[in-house]
Amino acid sequence: MKKHIVVLTGAGISAESGIKTFRDADGLWEGHDVMEVASPEGFARNPELVLNFYNERRKQLKDVEPNQAHKDLAALENDYNVTIITQNVDDLHERAGSTAVVHLHGELRKIRSVGNENDIKDFTEDLSIGDLCAEGHQLRPHIVWFGEAVPMIDDAIEVCQKADILVIIGTSMQVYPAAGLMDYAPDATPIYYIDPKPAYINSKKVHIIEKSATEGTKSLLKLLSAQS
């Protein structure tokens, strides 16, 4: 039976494909205060600004490609059962070939009704004020904004509880509830943390690989190969 590898990914893996990280040190995302473009209050104040912001992010996706880290994680499926749990809203894991991806914070290429959070549709074009669902409600990006519940967190917890190996790539381990997922891994599960500037984690079972996502994933594959 194949071992189950669970991979938690953050902005660091997408950054190497040219996608700006969600929040830079100055608290801005692509030049905008994150609370203006990533909160229900910001959407209520200026829905047109928010819709246009995500239209630009959606367009940006068309100009970027999965990097080697995405591809290496997809290739792991040849030898392991692999589940990706990502904080990223891009679709680079899927485009690289990963078949089991849990998006904690939503997806850029999906929209939903403001009147029904379960009315979710695939979407790749521009979204405007006046674009309505079948019930007459405004459509919005399918993104989990600050202050909103994370609907996939229970699924993610369940996945982590069954992990034989846990890998963390390119995340600051500061954003909750995602940062707490590693605590749900079984006690005997080894954890590999790949990041060029890893956060401090006080645990002997966490193996730090202080490298970029692409270089660190390459090192991880060598380690796993040596152990098999």
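The values are calculated or read from the model by the stated rules, or taken from the named source; none is laboratory data. Keep in mind the model is a prediction, meaning the values are calculated, not measured. Please note: Cβ atoms are built from the backbone with ideal geometry, for glycine as well, and neighbour counts cover all protein chains shown. All accessible areas refer to the heavy atoms of the entire protein, side chains included, with ligands and DNA or RNA removed. Shrake-Rupley method; radii C 1.70, N 1.55, O 1.52, S 1.80 Å.
The strands (runs of 3 or more DSSP E) located wholly in the range 59-121 that include 2 or more residues which are in contact with a Phe, Trp or Tyr (Cβ under 9 Å, 6 or more places away or on another chain) and farther than 25 Å from Gln161 by Cβ occupy 106-113.
Rundown of residues vs (1) of a type in the set (Ser, Thr, Tyr); (2) within 30 Å of Leu221 (Cβ to Cβ), yes/no style:
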residue: Thr124; (1), (2): yes, no
residue: Gly136; (1), (2): no, no
residue: Leu139; (1), (2): no, no
residue: Ala163; (1), (2): no, yes
residue: Ser172; (1), (2): yes, yes
residue: Tyr176; (1), (2): yes, yes
residue: Asp183; (1), (2): no, yes
residue: Pro196; (1), (2): no, yes
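I'm trying to understand the selection: among the residues of the range 133-144, which are within 13 Å of Leu51 (Cβ to Cβ) and either surrounded by fewer than 20 Cβ atoms within 10 Å (Cβ to Cβ) or without any contact (Cβ under 8 Å) to a residue 60 or more places away in the chain (or both)?
Gln138, Leu139, His142
Has the range 179-194 got at least one residue that is over 17 Å from Lys3 (Cα atoms), part of a helix (DSSP H, G or I), open to solvent by 30 Å² or more (accessible area, probe 1.4 Å) and touching a strand residue (DSSP E or B) at 6+ places or on another chain (Cβ under 8 Å)? Taking every residue of the range 179-194 in turn, none turns out to be over 17 Å from Lys3 (Cα atoms), part of a helix (DSSP H, G or I), open to solvent by 30 Å² or more (accessible area, probe 1.4 Å) and touching a strand residue (DSSP E or B) at 6+ places or on another chain (Cβ under 8 Å).
Scanning the range 50-106 for residues that are in contact with a helix residue (DSSP H, G or I) (Cβ under 7 Å, 6 or more places away or on another chain), of a type in the set (Asp, Glu) and over 30 Å from Glu36 (Cα atoms) yields one hit, Asp72. For the range 1-46, the set of residues classified as open to solvent by less than 60 Å² (accessible area, probe 1.4 Å), modelled with pLDDT of 90 or more, farther than 30 Å from Asp164 by Cα and not in a loop (DSSP other than H, G, I, E, B) consists of Val37, Pro40, Gly42, Phe43, listed by residue number.
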